[in-house]
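Enquirer: Can you keep this structure in mind? I'll have questions shortly.
The values are calculated or read from the model by the stated rules, or taken from the named source; none is laboratory data. Please read all numbers here as calculations on a predicted model, not as lab measurements. Note that we place each Cβ from the backbone using ideal geometry, even for glycine, and neighbour counts take in every protein chain shown. Only protein heavy atoms, including side chains, enter the accessible area calculation; ligands, DNA and RNA are left aside. Shrake-Rupley method; radii C 1.70, N 1.55, O 1.52, S 1.80 Å.
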Amino acid sequence: MEAIRKWHKIYVILLIISVFITVWFFKRCMLEMAIVFGCANIVLLILLIKQSQLLKDAELIWDNCILVVPSAVISTGNSKERSVAEQTVVSVFGILMGNKIYKWGSDGVHGVRLSSVVIEKAHIRLTFGDEAKTMWVRLLHGMMDEQEVFEVKERLWRETGVTAKVSGW
């Protein structure tokens, strides 16, 4: 999340600088350069809007945290696996892995949905997707106590409506 916040600040600073340069060129009657920087302003504004939405989604996930784990493995339908060694936050609204967000439950009936959760002795597996694409995430959860596992199971059911299957406890 810090990387998302950092890029948001960078885009704000670049946009402010670019606007001042555009105004300076315009006052100096250098219209060609003012137009070039005006176009750069538009691009920076679009990037800032996208980054602001990403930051908003990351804050939503962070504020509604169910489980925080140190690492995760992501798989897609074509068996491409990618290991992530960053802090991973599982939330009611999705997963935040470093600066990558996987959202569910926010695009209506036909959007991405959390479909299943399996809590094993060392890992928790989440399956989510829509009709076109399904993804699997395997998290090394680090829960040692059976009570903690059942608390996570209960919270997942209460907040997402998905009943987690507990295996190996």
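Enquirer: In the chain, what is the count of Lys pairs whose alpha carbons are under 22 Å apart, counting only pairs at least 8 residues apart or on separate chains?
Expert: 21
Enquirer: Same structure again: Quick check: residue separation of Glu148 and Phe26 times 0.36 nm, minus the Cα distance between them. What number comes out in nm?
Expert: Full-extension gain reported as 37.7 nm.
Enquirer: In whole percent, and with a 1.4 Å probe on the protein chains, what portion of the accessible area of the chain is carbon and sulfur?
Expert: The value for the chain is 61 percent carbon and sulfur by accessible area.
Enquirer: Averaged per residue, what accessible area in Å² does the chain show with a 1.4 Å probe, protein chains only? Mind dumping the intermediate values first?
Expert: Numbers: 10370 Å² over 169 residues.
Normalised by residue count, the accessible surface of the chain is 61 Å².
Enquirer: So, one more: Using the crude model of +1 on Lys and Arg Cβ and -1 on Asp and Glu Cβ, and no other charge, please compute the dipole size for the chain relative to its Cα centre, in debye to 20.
Expert: 560 debye
Enquirer: Let's test the formula: R0 of 25 Å, r as the Cβ-Cβ distance of Ile46 and Ser106. What FRET efficiency results, to the nearest 0.05?
Expert: 0.70
Enquirer: At 1.4 Å probe size, what's the solvent-accessible area of Thr163? Round to the nearest 10 Å².
Expert: The value for Thr163 is about 90 Å².
Enquirer: Next question. Along Cα→Cβ, 7 Å out, is where each label goes; now give me the distance between the ones at Asp130 and Lys56 in nm to one decimal.
Expert: Those two pseudo-labels are separated by 1.8 nm.
Enquirer: Turning to a different aspect of this structure: What is the set of long-range amide H partners of Ser116 at a cut-off below 5 Å, with H atoms built 1.01 Å from backbone N?
Expert: Thr127
Enquirer: In whole Å, what three semi-axes, largest first, describe the equivalent ellipsoid of the chain built from its Cα gyration tensor (square root of 5 times each eigenvalue)?
Expert: 42, 15, 13
Enquirer: Further, regarding this structure: Per-residue HN-Hα couplings for segment 152-164, Karplus 6.51 cos²θ - 1.76 cosθ + 1.60 at θ = phi - 60°, whole Hz, x for Gly and Pro?
Expert: So the Karplus estimates, Gly and Pro as x, are 5, 4, 5, 5, 4, 5, 5, 9, 10, x, 9, 8, 7 Hz.
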